[in-house]
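Here is the structure we will look at.
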Amino acid sequence: MTEHNFITGDEYLKHFYELPQLPQLPLADEDFISAWQETEKHSAIEFLENLYNVNFNFDWRNVNAIKISFIQTLAGKLPSIYTENHDDFEALSSFVSGKTAIRKLPVTVNAFTMSTNIRDVRHKIILLNRAPYSNIDAEILNLTAEDWLKKSQKIRSRHESAHYETLRLLGGMKNHALDEILADALGQIAAFKNFSVTRQRIFFGLNGVKCTGRLSFYVQKVLPTDREKVYRAVGTVLDKIESEIANCTDLEIICKIAGKSIADRL
């Protein structure tokens, strides 16, 4: 990436969503949902191959663990595909996006709200892999390994639902720090019943103006010399958001966080 492709930290921190007049919630399911109603009659891979009239040529590591279900969001139901092996997750994420070659993913990446693109069939699905959230060890959160895996799945499910909700309710979804704070806040509440700024710093790998985790992936378009400025800004607004969203409904959290930029919170 050459320098002219980067944006400044100030530009990055200005992102927010205009809040429209919201209709009755939840929104009606999108039309494509009807094509997924027969999932219980087939194995997950068989169903997907029949749905898209393709053959996924892959030696699945744990095919019996691959399941399809539905997640109810404020924006309607969304099909969700669950895996329990990172190789299977990589393969499915590549296949349903229309790629023939499997794209390797970091071990920290275990969830997507993504568009399918097989034989020009396009719609949104959620893809989730069972693994510790943000690749964080259970001991860091004083949890058992099994409890942390269960909570990780709840966080991912609610996190990805939040991206779909901003897309349908607010008109967009981004891999941006503001969107990730929003999605993680709802995920934390789903799993822990509260939002903790300390927990969020751990999930982001954020320590002052240094970042060793997920947050670094969301600032790749920011000038390298400006990234510490973004990290500092994110750290500052996290403290404010913790109290701002206490005792709020999910919709109130979406509106409060998405409707105001990080820059305007400083």
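The values are calculated or read from the model by the stated rules, or taken from the named source; none is laboratory data. Model, not experiment: these values are computed from the prediction. Backbone-built Cβ (ideal geometry, glycine too); neighbour counts: all protein chains shown. For the accessible areas, the whole protein counts, side chains as well, though only heavy atoms, and no ligand, DNA or RNA atoms are used. Shrake-Rupley method; radii C 1.70, N 1.55, O 1.52, S 1.80 Å.
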Might you report the magnitude of the Cβ-based charge dipole of the chain about its Cα centre, with Lys and Arg at +1 and Asp and Glu at -1, to the nearest 20 debye? 380
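First check a/c for region 5-51, with a ≥ b ≥ c the square roots of the eigenvalues of its C-alpha gyration tensor; if it is under 1.5, answer rounded, and if not, answer prolate when a/b is larger than b/c or oblate otherwise.
oblate
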Over the chain, what is the relative contact order in whole percent, taking alpha-carbon pairs under 8 Å and six or more residues apart? 20
For region 167-220, the Debye formula with one identical point scatterer on each Cα and no solvent gives log10 I(q)/I(0) at q = 0.14, 0.28 Å⁻¹ as -0.40, -1.12
Report the calculated FRET efficiency for Ser43 and Val121 (r = Cβ-Cβ distance, R0 = 25 Å), to the nearest 0.05. 0.80
Accessible area in the full protein assembly, largest first, 1.4 Å probe, for Met114, Met173: Met173, Met114
Convert each backbone phi in region 100-107 into a coupling constant with the Karplus relation 6.51 cos²θ - 1.76 cosθ + 1.60 (shift: θ = phi - 60°), then list the ³J(HN,Hα) values in order as whole Hz, x for Gly and Pro. 8, 8, 7, 8, 6, 10, x, 5
Amide hydrogen neighbours beyond the local backbone of Asp29, cut-off 5 Å, H modeled: Lys77
Net charge around Asp88, counting only other residues with Cβ within less than 13 Å of its Cβ (Lys, Arg = +1; Asp, Glu = -1)? -1
Volume per residue, Å³, of the convex hull around the alpha-carbon atoms of region 135-212? 92
Just how large is the dipole of region 32-139 about the Cα centre, in debye to the nearest 20, putting +1 at every Lys and Arg Cβ and -1 at every Asp and Glu Cβ? 380
Quick shape check on region 1-98: root eigenvalues a ≥ b ≥ c of the Cα gyration tensor, a/c under 1.5 is rounded, otherwise prolate if a/b tops b/c, else oblate, and it reads oblate
Between region 128-174 and region 11-75, what's the alpha-carbon centroid distance in Å? 16
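Rounded to the nearest 20 Debye, what is the dipole magnitude of region 123-255 about its Cα centre when Lys and Arg each give +1 and Asp and Glu each give -1 at the C-beta? Please list the in-between numbers first.
Working: 19 positive and 16 negative charges, 60 e Å.
So the dipole magnitude of region 123-255 works out to roughly 280 debye.
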Below 19 Å, Cα to Cα, which aspartates and glutamates can Lys210 reach? Residues fewer than 8 away in the same chain don't count. Asp10, Glu180, Asp226, Glu228, Asp239
DSSP beta bridges in the chain [antiparallel fraction, %, rounded to 5]: 75
Note, region 87-99: 3J(HN,Hα) by Karplus (6.51, -1.76, 1.60, θ = phi - 60°), whole Hz, Gly/Pro = x, goes 4, 5, 4, 4, 5, 5, 4, 6, 5, 6, 8, x, 8
Measure of compaction for the chain (Cα Rg per 2.2 N^0.38 Å): 1.02
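Taking a ≥ b ≥ c as the square roots of the eigenvalues of the Cα gyration tensor of region 172-259, is the shape rounded (a/c under 1.5), prolate (a/b larger than b/c) or oblate?
Because a/c hits 1.5 or more and a/b exceeds b/c, region 172-259 counts as prolate.
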How big is the accessible area of Val209 in square angstrom, nearest 10, if you roll a 1.4 angstrom probe over the protein chains? 40
In whole percent, the fraction of accessible protein surface over the chain that belongs to carbon or sulfur atoms, probe radius 1.4 Å, stands at 48
In Hz, Karplus ³J(HN,Hα) per residue of region 183-193 (6.51, -1.76, 1.60; θ = phi - 60°; x = Gly, Pro): 5, 5, 4, 5, x, 4, 5, 5, 8, 10, 6
Principal axis lengths of region 63-148 from Cα atoms, whole Å, largest first? 46, 33, 22
